[in-house]
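Trainee: Structure provided below as structure tokens; questions to follow.
The values are calculated or read from the model by the stated rules, or taken from the named source; none is laboratory data. Computed from a prediction, not measured in an experiment: that's the story for all the values here. Here the Cβ positions follow ideal geometry from the backbone for every residue, glycine too, while neighbour counts run over all protein chains shown. Just the protein is used for accessible areas: all its heavy atoms, side chains included, with ligands, DNA and RNA removed. Shrake-Rupley method; radii C 1.70, N 1.55, O 1.52, S 1.80 Å.
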Amino acid sequence: WDNADFSRGVGTTFYQEFLTLNTAKPPFVRDVEAKVRQYMRSSYSAAWTLKITWEKAPAYATRTDIRRTITYQAVLTTDGFRSYVLMLYQEGGMQWDYTRLAATNVLIGYT
């Protein structure tokens, strides 16, 4: 695990909230529901979803190569009873040069 470093003005973070309890669901939320159903093999209808995006995030500290950035997302969703997190990474996976990071045992995701 390592941290992103936005201190030099490279990259950005933004979020989008989807309240869908009694409203029509946008395509993004329908896609999240389909992924949860597929991976968990259960029925699922989202009441709330939050998408957080880290775009072109450079590795901490930015003294490493700031041209090697990564875009990734965390999607939190709940039906009011069950909650899920989807971790989504750009095609090609982690782009940081892990040989130059402070931690040498880098993992993608969480445990």
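Trainee: Order the peptides 44-53, 20-29 from the highest to the lowest mean number of other Cβ atoms within 10 Å of their residues. Mind showing how you got there, number by number?
Mentor: Numbers: 44-53: 16.9, 20-29: 12.2.
Top of the packing list down: 44-53, 20-29.
Trainee: Going from most exposed to least, what order do Phe81, Phe6, Phe18 have by accessible area with a 1.4 Å probe?
Mentor: Details: Phe81 190, Phe6 70, Phe18 20 Å².
Ranked list, largest accessible area first: Phe81, Phe6, Phe18.
Trainee: What accessible area per residue, rounded to a whole number of Å², is obtained for region 12-100 using a probe radius of 1.4 Å?
Mentor: Ligands and nucleic acids excluded, the result is 65 Å² per residue.
Trainee: Ignoring any ligand, DNA or RNA, what whole percent of the accessible area of region 12-100 comes from carbon and sulfur when the probe is 1.4 angstrom? Don't skip to the end; give the middle numbers.
Mentor: Numbers: 3080 of 5750 Å².
Exposed carbon and sulfur together represent 54 percent of the surface.
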